[in-house]
């Protein structure tokens with residue numbers, strides 16, 4: 001019994017081991033798009049037509065989700081539960097909807113003014129939905145597609161992941177499958 005008590009116990013993880021540090025290599029994720037970068041203070045990172053600095057990510061844990069604020073500053077996004085049983089008012093057919101550019105009441109100048117006021121992307125998307133005259137006439141599929149497209153354009157949300165073989169293989173397969181000899185891995189992120 002005493003012999004087992006003398007065996008060295010495994011080392012507990014160091015406090016900074018699961019946190020993002022300056023100089024670490026990380027993988028940025030936005031929806032299904034990945035990019036590997038090195039965390040450096042005051043270095044501009046461009047990802048999915050968006051630029052920002054990773055300075056505010058230092059010290060946070062891997063897997064944290066950030067929203068890109070004004071001036072490329074990352075702000076930790078609080079986890080928010082999405083309503084699952086939301087009743088949508090949807091049309092049954094899109095054939096009568098005409099894309100003449102007049103269905104959206106908000107102009108580009110109005111949207112730019114909302115951004116300049118510091119209104120977050122989530123609220124801008126909601127404003128676009130409310131000011132669309134044809135949104136309620138679209139089918140549920142078309143509504144979801146519209147929301148997804150507007151979120152991609154106006155919500156700048158980035159998740160920072162710790163690189164792993166699985167994540168890197170998914171990233172390389174999506175961008176350059178020849179680098180991994182076209183090996184397809186049955187992984188899901």
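Quick look at the values:
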| item | result |
| --- | --- |
| Single condition residue 42 does not satisfy, out of (1) exposed (fewer than 10 other Cβ atoms within 10 Å of the Cβ); (2) at pLDDT 90 or above; (3) more than 23 Å from the chain's Cα centre (by Cα) | (3) |
| Extreme residue, nearest to residue 162 (Cα to Cα), among residues of region 42-57 that are assigned to a loop (DSSP other than H, G, I, E, B) and touching a strand residue (DSSP E or B) at 6+ places or on another chain (Cβ under 8 Å) | 54 |
| Pairs, first surrounded by 10 or more Cβ atoms within 10 Å (Cβ to Cβ) in region 70-90, second part of a loop (DSSP other than H, G, I, E, B) and modelled with pLDDT of 80 or more, C-beta under 6 Å, six or more apart | 75/69; 90/139 |
| Test for residue 136: is it surrounded by 12 or more Cβ atoms within 10 Å (Cβ to Cβ), assigned to a helix (DSSP H, G or I), on the phi < 0 side of the Ramachandran plot and free of Cβ contacts under 8 Å to residues at least 24 places away in the same chain | no |
| Residue in region 91-114 that is farthest from residue 66 (Cα to Cα), counting only those that are touching a residue at least 12 places away in the same chain (Cβ under 8 Å) and not in a loop (DSSP other than H, G, I, E, B) | 104 |
| Pairs, first on the phi > 0 side of the Ramachandran plot in region 23-37, second part of a strand (DSSP E or B), C-beta under 9 Å, six or more apart | 23/38; 31/157 |
| Members of region 57-69 found to be closer than 22 Å to residue 119 by Cβ and surrounded by 17 or more Cβ atoms within 10 Å (Cβ to Cβ), listed by number | 66, 67, 68 |
| Residue 83, sole failed condition from (1) at pLDDT 85 or above; (2) under 22 Å from residue 127 (Cα atoms) | (1) |
| The lone exception for residue 116 - which of (1) loosely packed, with under 14 Cβ neighbours inside 10 Å; (2) at pLDDT 90 or above; (3) more than 17 Å from the chain's Cα centre (by Cα) it fails | (2) |
| Only one of 181, 148 that is without any contact (Cβ under 8 Å) to a residue 40 or more places away in the chain and at positive phi | 181 |
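The values are calculated or read from the model by the stated rules, or taken from the named source; none is laboratory data. Keep in mind the model is a prediction, meaning the values are calculated, not measured. Virtual Cβ from ideal backbone geometry, glycine too; neighbours counted across all protein chains shown.
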